[in-house]
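The structure under discussion appears below in the form of structure tokens.
The values are calculated or read from the model by the stated rules, or taken from the named source; none is laboratory data. Just so it is clear, the model here is predicted, and its values are computed rather than measured. Note that we place each Cβ from the backbone using ideal geometry, even for glycine, and neighbour counts take in every protein chain shown.
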Amino acid sequence: MRILIRFLLWTLLLVGITLGAARALAIRWFQLPTNDPIFETSVLPSLRGGDWVLASRITTPHFGDLVVCPEPEHPDRYIIGRIIGQPGDTVEIDNGIPVVGSRRFVKERNCEESTFKYPNPNDDSEEVTQKCDMEATANHLHMMGALSGHKIRPESLSFDVTDGKLFLISDNRLYPYDSRNFGLVDIDSCKETIVARLVSKDGWMDADNRLDYIR
């Protein structure tokens, strides 16, 4: 019995050290905030406030990746957006649809659940129903909150992405919080790529949204 207990203690210690090293050097898991309506709305429908997510630090983020970066004006806060503009690119966004040189963003099909609902970030007494599309960005096929059926139209803008910078766009095109709001971000500050949702905001029993690979 003593030997078994000692074995279990050493096993737990080694697992703890391994996880600690991995968290420090390669991966990080954290819970998305639930007290910031603008942020929470911008990451829909790919993620939701309260989700536990896994971020990788192993590889350099690339075009189309969903990344975690500090907010340029407030580095104590973080933002989550998709890289669509790299140094030398001109990013044009018209009616929520981005065009980057020869790179196009194609709507492949509707999401499995064609709509999603959430409180209006500007008036939580009102519920917003939004269409969900599957958009192809580079090698990523990801969910995107579409503008169709809504009178809201984010401002059309054009950006030249300078050296050492990235342009991020929110997956929710109706209520985005991205480079149109806070400007270009430093490449060196975006070191983490979202790779999975571990558990949804509704807990482990939400089987459809646990251990969910995020692209």
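Computed quantities for the displayed model
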item: Region 158-195 - residue that is among the polar types (S, T, N, Q) and outside any helix (DSSP H, G or I) and, of those, nearest to VAL99 (Cα to Cα); result: SER158
item: Every residue from region 203-215 that is in a loop (DSSP other than H, G, I, E, B) and either crowded, with 19+ Cβ neighbours inside 10 Å or in contact (Cβ under 8 Å) with a residue 24 or more places away in the chain (or both); result: ILE214, ARG215
item: Region 49-107, subset of a type in the set (A, V, I, L, M) and over 18 Å from the mean Cα position of the chain (by Cα), residue nearest to PRO176 (Cα to Cα); result: ILE93
item: Only one of ILE93, ILE80 that is surrounded by 15 or more Cβ atoms within 10 Å (Cβ to Cβ), modelled with pLDDT of 90 or more and in a strand (DSSP E or B); result: ILE80
item: Neighbours by Cβ (under 6 Å, 6+ apart or cross-chain): first from region 38-55, over 11 Å from ASN209 (Cα atoms); second part of a loop (DSSP other than H, G, I, E, B) and among the β-branched types (Val, Ile, Thr); result: GLY49/THR34; GLY50/THR34
item: Residue tally, condition surrounded by fewer than 14 Cβ atoms within 10 Å (Cβ to Cβ), touching a residue at least 12 places away in the same chain (Cβ under 8 Å) and of a type outside the set (Ser, Thr, Tyr), over region 124-144; result: 2
item: Hey, PRO37 at negative phi, within 13 Å of the chain's Cα centre (by Cα) and not hydrophobic (A, V, I, L, M, F, W, C) or not; result: no
item: Residue match in region 172-182 (condition: in contact with a Leu (Cβ under 8 Å, 6 or more places away or on another chain) and among the small types (Gly, Ala, Ser)); result: yes
item: Boolean, VAL99 is without any contact (Cβ under 8 Å) to a residue 12 or more places away in the chain, aliphatic (A, V, I, L, M) and in a strand (DSSP E or B); result: yes
item: Boolean, ASP65 is within 30 Å of ALA207 (Cβ to Cβ), exposed (fewer than 12 other Cβ atoms within 10 Å of the Cβ) and touching a residue at least 24 places away in the same chain (Cβ under 8 Å); result: no
item: Condition met for VAL106 (modelled with pLDDT of 95 or more and touching a strand residue (DSSP E or B) at 6+ places or on another chain (Cβ under 8 Å)); result: no
